[in-house]
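Read through the structure below, which is laid out as structure tokens, and then see the notes.
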Amino acid sequence: MVNENNNNAAAKDDSQMSFEPERPDVYGQAQPKELLRLIPEDHDVLKSLANKHIISARQFDKETMLQLFRLAAKYESNPDRFSESNPLQGKILISAFYEPSTRTRLSFESAWHRLGGDIMSITDRASTGIAKGESLEDIGEMFNNYGDCVVLRDIGESSVFDMMHSLCIPIINAGNGTDEHPTQALADIYTILKWRPEIMSGTGTPIKIGLIGVPSRMRALRSLLILLTEYSESIDEVIIIHDGKSEKIFSEDQQEQLEQGGLKLRVVTDLNKEIPSLDIVYINSIAWVKDSFEVMGQDMKLTADSPLKPNSIILHPLARGDELSPALDNTNHNWYFSQARGAVFIRMALLTCMTQRTGRVVDIL
Amino acid sequence: MVNENNNNAAAKDDSQMSFEPERPDVYGQAQPKELLRLIPEDHDVLKSLANKHIISARQFDKETMLQLFRLAAKYESNPDRFSESNPLQGKILISAFYEPSTRTRLSFESAWHRLGGDIMSITDRASTGIAKGESLEDIGEMFNNYGDCVVLRDIGESSVFDMMHSLCIPIINAGNGTDEHPTQALADIYTILKWRPEIMSGTGTPIKIGLIGVPSRMRALRSLLILLTEYSESIDEVIIIHDGKSEKIFSEDQQEQLEQGGLKLRVVTDLNKEIPSLDIVYINSIAWVKDSFEVMGQDMKLTADSPLKPNSIILHPLARGDELSPALDNTNHNWYFSQARGAVFIRMALLTCMTQRTGRVVDIL
Amino acid sequence: MVNENNNNAAAKDDSQMSFEPERPDVYGQAQPKELLRLIPEDHDVLKSLANKHIISARQFDKETMLQLFRLAAKYESNPDRFSESNPLQGKILISAFYEPSTRTRLSFESAWHRLGGDIMSITDRASTGIAKGESLEDIGEMFNNYGDCVVLRDIGESSVFDMMHSLCIPIINAGNGTDEHPTQALADIYTILKWRPEIMSGTGTPIKIGLIGVPSRMRALRSLLILLTEYSESIDEVIIIHDGKSEKIFSEDQQEQLEQGGLKLRVVTDLNKEIPSLDIVYINSIAWVKDSFEVMGQDMKLTADSPLKPNSIILHPLARGDELSPALDNTNHNWYFSQARGAVFIRMALLTCMTQRTGRVVDIL
């Protein structure tokens, strides 16, 4: 801790403290504006999300997604406008992260704050009633009295289902064990459609998608695969790329259900052999094993030397480890930062629907 | 953690994600509306709570309670109206829970947010100045600069008194060791008056109250017993029911003071023998023993088979363990959920008085 | 925990729960009003802080400080006015305290809330992406998406520099290891100028300042010394008083740079010998040693018996331990409480500039 850095004085020169508040890059407003232009508004579809919990990607059909993406694109195109209009004024979010996660927690909380609502956070399982043996049903009853919406992350798959039984306010599954993470998957599809809007209409050349990971043990992958079935006509093939260490790539019935949904699946272990043909490379480093995490094998890495197709994009739910080199950050393949940014807006859209405040943000004719 | 549940796909069918936002039950608005009708408003009484700390149930006489209950009933009858009017706009609550408690913390924070105020939370003693040896008086000085009101929970009985010495903003005792928890007791009485408004006027048949627990070591019971002395003319008898494991049922002078206050006390150990005659059964599972908790004995349980009197009600400060069976939740005896719900409104009423913002919510003639 | 205190009943008498909301003392409004009167407003100087990170005390020249102090004095003179006008409405602060600190965290959060903004807090390093190996650059990218300003405290000196590389929202260094704590130093100078406004103009008798501590290992001292160079014409001497246990009083080049800045430095170990000649005694108990703290030696204490010069003032960044006796709290030497209070207003001023909302609070002609 002793300050030995002779260069600090120079480094602290005031001119070096300046930063550029806006940067020309893929995170710009052109793409959300294009989506906004292409999708006609249908308020009734958004209203159908009232009085519903959001637990699984299965709950979203193409039409509902389109309207959510439209509203997200509206927020993303003009973020300042809506942070001043406060559509969630007077509403309280209970942000319950029993499995700690700064990134997802802040993403939801930022979305709620930008809509003008208030938040109460639980960031630690140890200090809660759960630790003392309180049932999740009782916690749900408590939450009914204290808030207007719940965001729950827990290592247990069943927690969100147990809590749901007693809730009369909506709950969002922000990750339940190895099961699902539906809002991450919505953010993934939102990013893909900003990149290739023609997928919405099923026109254009079908794409090849590579998913690096193990769908049986990665909730983000599980939810994404479910949503991809809605766009199967635009997808040539989905290639599951894993490190060969997992015994079971799919959980029971998972593969059959996805194939029934229209996806062509192929499972491989040689990443670099597939990369040159992929339009989207989705990489995720972390797999659940019982109560802890396991990192993907050493060969499952993307670097500046990876033989990426020229116009292909990389997606990653973040946080990343070694598997995704920062050398790719300043390339056109980097759509993972756009994906993280878009997640805030898709959550804003979903939260507006679930609190029945869409009337304050849609265009009244 | 591996997903083996074949039924999840079916369970996730969207139609099963719907919920009923309103449920016909005892938590309805009829009871608070009745209280509101019966109690004439007296703004001067509420103004007498300005510039006062709230430490003990001893501070509340019948008239002050009535006006607090009236304001709580007003909030409960029309919650949306007041969350839009923001009477605490610009006020900051310091929510200091050195003894962790999600339930009480969220109850206070929800109350404050519903009134439009902002909150800074301390949820962990380990990371605070107290852990580094800072005095409570100094922490009080700090709080003066940073907020407009303090809610304090601590395992030490004396912490709230120590901090009070330096405070020039109001503090609320949200539980100090085995000593008191006055706002819980206010919530208890508020619930009882919603159930039997005639107790306010001392008319009607006197009731029998059974308190399962040990008043020497349970702060919620201690505070409740103090408040019950204000209604002694409506109470036939207060029966303390314990498991026989405690050497000392009352702390020094406690019994004498309650009897001087007009309560008829009786101490027993056979729960089921008393139940058939009780109008109110108040049950609390947890007793303090030194720095930790002790659970009440196995015989101190309420179940669907307990010989409850037909129109009797059950109260519980929650969280509950085994001692109160969920099988009672859907019976008319369940007033403990109403009690938890009402606690938010009584805290809203008290906080409005302590921040001197009653002028924004009472009816000006 | 068992309640044995017979006096509690008496102590709880309601009349003893009253407090005085305002107290006549040095923390009054006369001093900030005087500063406000003496400093002419220059909005352009405040605007120069837009799109800049605040990392080091080196970034502040005399003119910038004066305008910040003017704005702080404006807030301090009339705190209610600005908490109603909400200049930071719709803005989100990310309050990231990876090294826990209740006092500094609440000071920043109170400042932000008083300006009407929303906050997301991180109070624990263990539950964050950093613990999982996420890079600070990636965390900076995340923060760009989620908030409008970052306040960072970390035990690592380099963390704030690493995070800065990816940020396109402003970050404030709220303490980085042994390096700097620039907003504490601004609060110190603001206090000194409220006490002796003539220092602003370099008029009046030069003062003697004693700094009890080790500048090589105390970030608050390091930053304060840098700012004092801007006022060297008003300072007769700066005396570093330490306990003799430290091998290295200054870090490399520190002494030379301060002397080049115009300060006359002297290093001593006999506190009581110097006290009678000091106009300001700045005391700080805690020094960093590697990853933990070390308390100053037993002789480095201020008590009611210390031979303080009649009109001298004591400053302390707080929290305090044994080194500063509470017996001094009720003397005219106590400007440390004023210093803590002023820190909120100086942070309000700085945050208003960094979020480019000065237009909402300066006087438009």
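The values are calculated or read from the model by the stated rules, or taken from the named source; none is laboratory data. Please read these numbers as outputs of a predicted model, since none were measured by experiment. Positions of Cβ are generated from backbone atoms using ideal geometry, with glycine treated the same way; all protein chains shown enter the neighbour counts.
Here region A:217-246 is the region considered, the condition is being modelled with pLDDT under 95 and away from every other protein chain (no Cβ under 14 Å), and the residue that is nearest to A:ALA174 (Cα to Cα) is A:HIS242. All conditions in (1) of a type outside the set (A, V, I, L, M); (2) within 14 Å of chain A (Cβ to nearest Cβ); (3) surrounded by fewer than 19 Cβ atoms within 10 Å (Cβ to Cβ); (4) within 22 Å of B:LEU227 (Cβ to Cβ) hold for B:ASP329, with the sole exception of (4).
Residues of region C:236-262 that are closer than 19 Å to C:PRO317 by Cβ and part of a strand (DSSP E or B): C:VAL238, C:ILE239, C:ILE240, C:ILE241. Going by the conditions given, is A:VAL267 surrounded by fewer than 17 Cβ atoms within 10 Å (Cβ to Cβ), in the same structural domain as A:ILE192 (by TED's automatic domain parsing) and of a type in the set (A, V, I, L, M, F, W, C)? Criteria met by A:VAL267. For residues that are at negative phi and among the polar types (S, T, N, Q), scanning just region C:81-92, find the one that is nearest to the other protein chains (Cβ to nearest Cβ). In this case the residue turns out to be C:SER83. Quick check, is C:ARG347 assigned by TED's automatic domain parsing to the domain that holds C:ALA50 and surrounded by 21 or more Cβ atoms within 10 Å (Cβ to Cβ)? Taking the combined requirement at face value, the residue satisfies it. Sort out which residues of region A:171-199 are within 13 Å of another protein chain (Cβ to nearest Cβ) and among the hydrophobic types (A, V, I, L, M, F, W, C), and write them in order of number. If the condition is that a residue be within 13 Å of another protein chain (Cβ to nearest Cβ) and among the hydrophobic types (A, V, I, L, M, F, W, C), then A:ILE171, A:ILE172, A:ALA187 are the ones that fit. For region A:93-121, a tally of residues being more than 9 Å from chain C (Cβ to nearest Cβ) and surrounded by fewer than 22 Cβ atoms within 10 Å (Cβ to Cβ) returns 2.
Hey, does region A:130-145 have a residue that's over 30 Å from B:SER338 (Cβ atoms), more than 21 Å from the chain's Cα centre (by Cα) and not in a helix (DSSP H, G or I)? No, the conditions are met nowhere in region A:130-145. Could you tell me whether any residue of region C:162-170 is in a helix (DSSP H, G or I), at the interface with chain A (Cβ under 8 Å from one of its Cβ atoms) and over 13 Å from the mean Cα position of the chain (by Cα)? So far as region C:162-170 goes, yes, one or more of its residues are in a helix (DSSP H, G or I), at the interface with chain A (Cβ under 8 Å from one of its Cβ atoms) and over 13 Å from the mean Cα position of the chain (by Cα). Would you mind stating whether C:LEU308 is more than 14 Å from every other protein chain (Cβ to nearest Cβ) and either at pLDDT 95 or above or under 24 Å from C:ALA57 (Cβ atoms) (or both)? Answer is yes for this residue.
Scanning region A:273-287 turns up one or more residues that are within 21 Å of C:GLY133 (Cα to Cα), touching a residue at least 24 places away in the same chain (Cβ under 8 Å) and surrounded by fewer than 21 Cβ atoms within 10 Å (Cβ to Cβ).
Of the residues examined, C:LYS208 is one that is under 25 Å from C:LEU271 (Cα atoms), among the charged types (D, E, K, R) and either part of a strand (DSSP E or B) or in the same structural domain as C:LEU68 (by TED's automatic domain parsing) (or both). Restricting attention to region C:41-80, the residues that are within 14 Å of chain A (Cβ to nearest Cβ), crowded, with 16+ Cβ neighbours inside 10 Å and among the acidic types (Asp, Glu) total 0.
A single entry from B:SER201, B:SER251, B:SER223 fulfils the requirement of being out of contact with any Leu (no Cβ under 7 Å at 6 or more places or on another chain), assigned by TED's automatic domain parsing to the domain that holds B:ASP279, free of Cβ contacts under 8 Å to residues at least 12 places away in the same chain and not charged (D, E, K, R): B:SER201. Taken together, C:SER234, C:SER251 contain a single residue that is among the hydroxyl-bearing types (Ser, Thr, Tyr) and touching a Ser or Thr at 6+ places or on another chain (Cβ under 7 Å), which is C:SER251.
Give region C:190-205 a look and list any residue that's part of a loop (DSSP other than H, G, I, E, B) and within 22 Å of C:ALA343 (Cβ to Cβ), or say none. Listed by number, the residues that qualify are C:ARG196, C:PRO197. Consider B:GLY156 carefully, then state whether it is small (Gly, Ala, Ser) and at the interface with another protein chain (Cβ under 7 Å from one of its Cβ atoms). Here the answer is no, as B:GLY156 does not meet what is asked.
Can you name the residue in region C:138-153 that is under 15 Å from C:TYR98 (Cβ atoms) and more than 7 Å from chain A (Cβ to nearest Cβ) and, of all such residues, is surrounded by the fewest Cβ atoms within 10 Å (Cβ to Cβ)? Out of the qualifying residues, it is C:GLY140.
What number of residues in region B:205-220 are without any contact (Cβ under 8 Å) to a residue 60 or more places away in the chain and within 18 Å of B:GLY297 (Cα to Cα)? Matching residues across region B:205-220 total 2.
Scanning region C:171-211 for residues that are over 14 Å from the mean Cα position of the chain (by Cα) and closer than 30 Å to C:GLU134 by Cα returns C:ILE171, C:GLY177, C:THR178, C:ASP179.
Quickly run through region A:195-253 and pick out the residues that are small (Gly, Ala, Ser) and within 19 Å of A:ASN311 (Cβ to Cβ). Matches in region A:195-253: A:GLY204, A:GLY210, A:SER234.
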